[in-house]
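Values in this text are rule-based calculations from the coordinates and carry no lab data. A quick note: this is a predicted structure, and the numbers were derived from the prediction, not measured. Heads up, the Cβs are rebuilt from the backbone with ideal geometry, glycines too, and the neighbour counts pull from every protein chain shown.
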Amino acid sequence: MSIANNYIKENKDRFIDELFELIKIPSISADSKYKNDMIRTAEFVKDSLIKAGCSHVEICETPGYPVVYGEHLLNEKFPTVLVYGHYDVQPPDPLNLWESPPFEPIIKKTEIHPEGAIFARGACDDKGQFYMHVKAFEYLVKHDLLTCNVKFMIEGEEEVGSPNLGWFVKRNHDKLKNDVILISDTGMISNQQPSITTGLRGLSYVEVEVIGPNRDLHSGLYGGAVANPINVLTKMIASLHDENNHITIPGFYDKVLEVSLEERAEMAKAPFSLEDYKKALNIEDVYGEKGYSTNERNSIRPTLDVNGIWGGYTGEGAKTVIPSKAFTKISMRLVPDQDPEEITMLFKNHFEKLAPKGTRVIVKPHHGGFPYVTPIDNIAYQAANEAYSETFGVEAIPQRSGGSIPIVYLFEKELKSKSILMGFGLDSDAIHSPNEHFGVFNYLKGIETIPLFYQKYAELYKSNLC
Ligand code: BES
Ligand code: MN
Ligand code: MN
């Protein structure tokens, strides 16, 4: 029985109610309409940290949305843990696919979450997950059990690529100084099998415009005689993968570090059912790069995906028209040692060359981020593994994830700190999708496991010093 168990049992309803209040504020960083809600959320986070017992909390302005910073420094001899999370969420669209309103959290049982899951935007990514840290911290402060100095840095722009976090981190090296960064913004294999995320993919995100004739044209009068930007764009997109689903951009793979066969064999030991995977997505088969397994395709291999495409007539009925322009948004997930700016340039040069005469192509770079891989032979990993082993009864498995948290690379570069990614979400929790949810089991298990991390990390830190 772990140390926090009784406290969690007694306070479970309050923990859920408080998270509900946080989730109810629509903190959508991508849409400037929600600016006031963003500020209200930052204040809510600040108040929560104060109420949890954090001795100094402030809202730090940035050129964008503010960072909520808190610190609770007890003893110079203690190691310092910096908790990172984000209070912003993805837009909830498409709204009509939600079974309950995205900012009115409710608990519903599911096959995977028989004890119930909280359905709402941000429930898992990342409000539910960073709030576990606030409650774990509250428990430790109340019982005078903290053996680490703790700092919190909860930002409001993660879902739009953390454009101002570099600015903030560069100016606050001293404030953010730490021995390890602790993040719950990823997932684990299942509620029976915890895992620790040891890698994140990088990202290069671009927007493309293909420009044809100076106006929309009658598709009978002009059809066949001028380039149709949508025809052209789709052909260009199709050419970006070859018959083996390799990406055709020259130089794209040049810096990819091939993972050794030994390491791949080790990774393949993680429990995974392809049948369940297909069933959960209602697809007959998976699809991807030749020569790699599903888990490899979405973690150790780079990808290129169209995220959206538009242009021409999409309203009701038929309108015969050759559009003047076509647009798309494309993301490329990157792996070590690919550099997002380099990849963006490779894409731009290649894509612009693909355009036939009679069209013009504009490639606009959006945000990017570096990939990250962390070693497992360090005391933070060991502490996390011991904490999971105690609360789940099985050891955690190291696993590289396909998602991106660009700040993790920046933390290492600027602060020289390693991050330990203790995620409690599941892939099936539908983050970024309609009906996002977070298991009540997962929420409470996080609150139970995190205090053990602090305890074990401090012990290992101390014994490492002598
Ligand atoms: N928390 C996610 C990233 C994530 C989720 C990593 C699950 C691993 C497992 C984060 O909020 C996110 O969505 N990141 C974005 C990148 C960002 C630049 C918009 C992503 O991965 O698309
Ligand atoms: Mn997140
Ligand atoms: Mn996200």
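Some notes on this structure:
- Placing unit charges on the Cβ atoms of the charged side chains and taking the dipole of the stretch 177-259 about its Cα centre, the candidate lying farthest along the positive direction among GLY224, THR197, LEU182 is GLY224.
- Shape call, the stretch 398-466: gyration tensor on alpha carbons, a/c limit 1.5: oblate
- For peptides 374-380, 63-69, 121-127, sequence by mean Cβ density within 10 Å, most packed first: 121-127, 63-69, 374-380
- Stretched out straight at 0.36 nm per residue, the stretch from TYR292 to LYS51 would grow longer than its current Cα-Cα span by 81.9 nm.
- For the chain, the longest principal axis of the alpha carbon atoms and the long axis of helix 127-142 meet at an angle near 10°.
- With respect to the chain, whose longest principal axis is taken over its alpha-carbon atoms, helix 5-24 is tilted by about 30°.
- Per-peptide average of other Cβ atoms within 10 Å, ordering 138-147, 431-440 highest first: 431-440, 138-147
- Once both labels are positioned 7 Å from their Cα atoms along Cα-to-Cβ, the gap between LYS353 and ALA268 label points is 3.6 nm.
- Residue list for the stretch 402-444, given a label point 7 angstrom along the Cα-to-Cβ vector of LEU257 and an amide N cut-off under 18 Å: 402-414, 416-421
- Charge tally in the Cβ shell below 10 Å around SER48, where Lys, Arg are +1 and Asp, Glu are -1, SER48 excluded: -2
- Summary of packing: across the peptides 455-463, 148-156, the per-residue average of other C-beta atoms within 10 Å ranks them, highest first, as 148-156, 455-463.
- With both labels modelled 7 Å from their Cα along Cα-to-Cβ, the MET345 to THR320 distance reads 4.8 nm.
- Overall form of the stretch 265-369 per C-alpha gyration tensor (a/c, 1.5; a/b vs b/c): oblate
- Length released on extending from LYS462 to ASN307, taking residue separation times 0.36 nm less the Cα-Cα span: 51.0 nm
- For a paramagnetic label modelled on ARG215 (point 7 Å from Cα along Cα→Cβ), amide N atoms under 16 Å away belong, within the stretch 302-329, to 320-325.
- For the chain, share of DSSP beta bridges that run antiparallel, in % to the nearest 5: 70 percent
- Restricting the stretch 339-391 to trypsin sites (Lys or Arg not before Pro) in coil, as DSSP defines it, with at most 12 other Cβ within 10 Å: LYS357
- GLU76/GLU111 FRET efficiency (R0 60 Å; Cβ-Cβ; nearest 0.05): 0.75
- Pair GLU412, GLU395: separation of 7 Å Cα→Cβ label points (nm): 2.3 nm
- In the chain, the calculated helix contribution to ellipticity at 222 nm averages -10500 deg cm²/dmol per residue, counting -39,500 (n - 2.57) for every DSSP H run with n ≥ 4.
- Across every pair of non-identical alpha carbons in the stretch 340-465, the mean reciprocal distance, once inverted, gives a Kirkwood radius of 18.1 Å.
- For the chain, the longest principal axis of the alpha carbon atoms and the long axis of helix 35-52 meet at an angle near 20°.
- In the stretch 16-115, the trypsin sites (Lys or Arg not before Pro) that fall in loop regions by DSSP, at most 15 other Cβ within 10 Å: LYS77, LYS109
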